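Nothing in this text is a laboratory measurement; each read-out follows from the coordinates by a stated rule. Predicted, not measured: the structure shown is a model, and the values here were computed from it. Here Cβ is always computed from backbone atoms with ideal geometry, including for glycine, and neighbour counts include all displayed protein chains.
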Amino acid sequence: MKPIRVLLADDHQTVRDGLRMIVNAEPDMEVIGEAADGHEVLERAKVLKPDVIIMDISMPGLNGLNATRKLKEVRPEIEIIALSRHNESGYVHELLKAGASGYVLKQSSSEELIRAIRAVVLQKGYLDPAITTDVVKKYSATDVKSLVGNPESISKREAEILRLIASGHSNKEIAVQLDISVKTVEAHKANSMRKIGLRSRIDIVNFALLQGWLTTN
């Protein structure tokens, strides 16, 4: 099985060194190149043809947001994970609109980034759980895309689990709160997503908003 080919884009060498160590420690992944700014990302992506680009938002010259827009125009098959210290919904929303498949905070654990890489190569979006609640608070109903499926097709327990996921809870936290196993949480999550046609955590948040499950003052 071919390893996931990853291109790192960050203007700080120390950050790239750390990311390279994290990614290369996984048996199914390898860093195939690095870039220090947006223009360099565009050039390296054309030559190296990575599966995934880990894209810092704040880079000199061409920033991560504009680099993402340009890359998706010419190489839409490349999955892009935005990496940032910003957890404001405005940043998240703009990167997702630009074509990023995932958004991970730099202050999150390395495991979060690895999960994101594996998710996006399966064409599933990934949103760092630490920012889900903030995104929910700032999104308006008009920002939410239409989703297929009948919400009445899922059970009460499945709806409860989707609601908790959308609020930013992990599978383990949900299992403790509902006094069930993590495997049961995962099974309910998978079944409900299949019934409604959801593919990612981002879709779950959007669906919860459409149902009016998440409200703010």
When we measure straight from the Cα of Lys2, which aspartates and glutamates land under 14 angstrom away, once same-chain ones fewer than 8 places off are left out?
Glu26, Asp28, Glu30, Asp51
Given a Förster distance of 45 angstrom, what is the FRET efficiency for Val176 paired with Asn66, based on the Cβ-Cβ distance and rounded to 0.05?
0.60
Gain on full stretching of the segment that runs from Val15 to Glu111 - 0.36 nm per residue minus C-alpha separation:
33.0 nm
If you take the beta carbon distance between Arg75 and Glu186 as r and set R0 to 35 Å, what does 1/(1 + (r/R0)^6) give as a FRET efficiency, to the nearest 0.05?
0.60
State, to one decimal in nm, how far the label point of Ser155 lies from the label point of Ser58, with both points 7 Å from Cα in the Cβ direction.
4.7
For the pairs Lys49/Lys124; Lys46/Lys97; Lys46/Lys172; Lys106/Lys189; Lys97/Lys189; Lys70/Lys189, note any where the Cα-Cα span goes beyond 29 Å.
Lys46/Lys172; Lys70/Lys189
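Multiply the residue gap between Glu94 and Lys49 by 0.36 nm, knock off their C-alpha separation, and tell me the result in nm, one decimal place. All intermediate terms of the calculation are to be shown ahead of the outcome.
Values: separation 45, 0.36 × 45 = 16.20 nm, distance 2.42 nm.
Stretched fully, the Glu94-Lys49 segment lengthens by 13.8 nm.
For His86 and Gln211, compute 0.36 nm times the residue count separating them, minus their Cα-Cα distance, and round to one decimal in nm. Please report the intermediate quantities before stating the final value.
Details: separation 125, 0.36 × 125 = 45.00 nm, distance 2.77 nm.
This chain segment gains 42.2 nm when fully extended.
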Reachable aspartates and glutamates from Lys183, Cα under 18 Å, same-chain residues fewer than 8 places away excluded?
Glu158, Glu160, Glu173
